[in-house]
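Inspection log for the structure reproduced underneath, given as C-alpha cells.
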Amino acid sequence: MLQELAEITMDLSRALGRLALEKAAEGDAEAAGDLGVVVTRVGRAMRQTIAYRRKIEDRLREASNELEKAEGQQAASRAYYRRIRSAGRRIMVQRAVGRVLSDLEDEERVRELKERLDDYERLTDFNDRPVSEFVANICKAMGLEFDWSQFEHEPWAMDEAKTRPKGSPYAAWWASTHPAQANDPPDAEAMNGTGPPLAAE
C-alpha cells in the first residue's frame, strides 16, 4: 500500500511540475508560483511516505532477525537437552546390561558392550526407544540371558511400567507378571531409588 501511495505521489508531483512549467511559459507567474508551492508540498509528503515505509521495513527486518535468533536459541537448547537426555539413557542401558554381565566377570564382554553402545550411538541418540528395548536388543545380540525382575527397582523400569511406552518389553513383562498391579505400578519417586545396588561398571 505504501509503495502504491509513493507511486501516486510521484506521478502527481510530475504532473504538477509540468503544469507549473506550462503556466510559467504562458506568463502566469502567480499560477506557476502556486503550483510550485504545491509541488514542494507534494514532494515533502512523498519523502515522508518513503521514510515511513523504510522505517516500517527496518522494524519488520529487526523483528524477523530477532525471531530467527530466538528460534535458533530454542533449537540449540532443545538439541543440548536432547544430548544430555541421550547421554543419561546410554548410562542407564550400560548399567542394566552391566548388571547382567556382572556375574560373568568377563572383561572381553564388557569391552564388547562398550563397542555396541558406541555403534548404537552412531545410529541413534538413545531417545527414540524405551531403555528396556535397548537392553533387550543388546543382550540378545551378545547372547546374554537375563530376567526382567533384575531391574524392578530401577527408576527407568518403574517409569516404563507406569507409562507403558510403545515397544517396551519391560512394560509388557510387568503387566503379565503383576496383573494385580498392572494399573498401579510402583512410583520411582516414591521408591526414592531403593532396591538392590547396581552392579559396578
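Before moving on, here are some points about what is shown:
- On the basis of the beta-carbon distance and an R0 of 22 Å, ARG122 and TYR81 show a calculated FRET efficiency of 0.60.
- Projected label points at ARG44 and ARG59, each 7 Å from Cα along the beta carbon direction, are separated by 2.3 nanometres.
- Restricting the GluC sites (Glu not before Pro) of the range 64-143 to loop positions (DSSP other than H, G, I, E, B) with no more than 16 neighbouring Cβ atoms within 10 Å leaves GLU105.
- Across the range 50-65, coupling constants 3J(HN,Hα) worked out from phi with the 6.51/-1.76/1.60 Karplus curve, θ = phi - 60°, read 5, 5, 5, 5, 4, 5, 5, 4, 4, 5, 5, 5, 5, 5, 5, 5 Hz, and Gly and Pro carry x.
- For the pair LEU67 and ASP147, the difference between a 0.36 nm per residue extended length and the Cα-Cα distance amounts to 23.7 nm.
- Taking 0.36 nm per residue of separation and subtracting the Cα-Cα distance, full extension of the segment from ALA51 to LYS114 would add 16.2 nm.
- Our summary gives the range 86-191 a relative contact order of 26 percent, counting only alpha carbon pairs under 8 angstrom and 6 or more residues apart.
- Counting neighbouring beta carbons within 10 Å and listing from fewest to most, the residues TYR81, TYR170 come out as TYR81, TYR170.
Computed from the coordinates by the stated procedures, all read-outs in this text should not be read as laboratory data. Values in this document were obtained by computation on a predicted structure and should not be read as measured data. In this analysis, Cβ positions are derived from the backbone assuming ideal geometry, glycine residues included, and neighbour counts consider all displayed protein chains.
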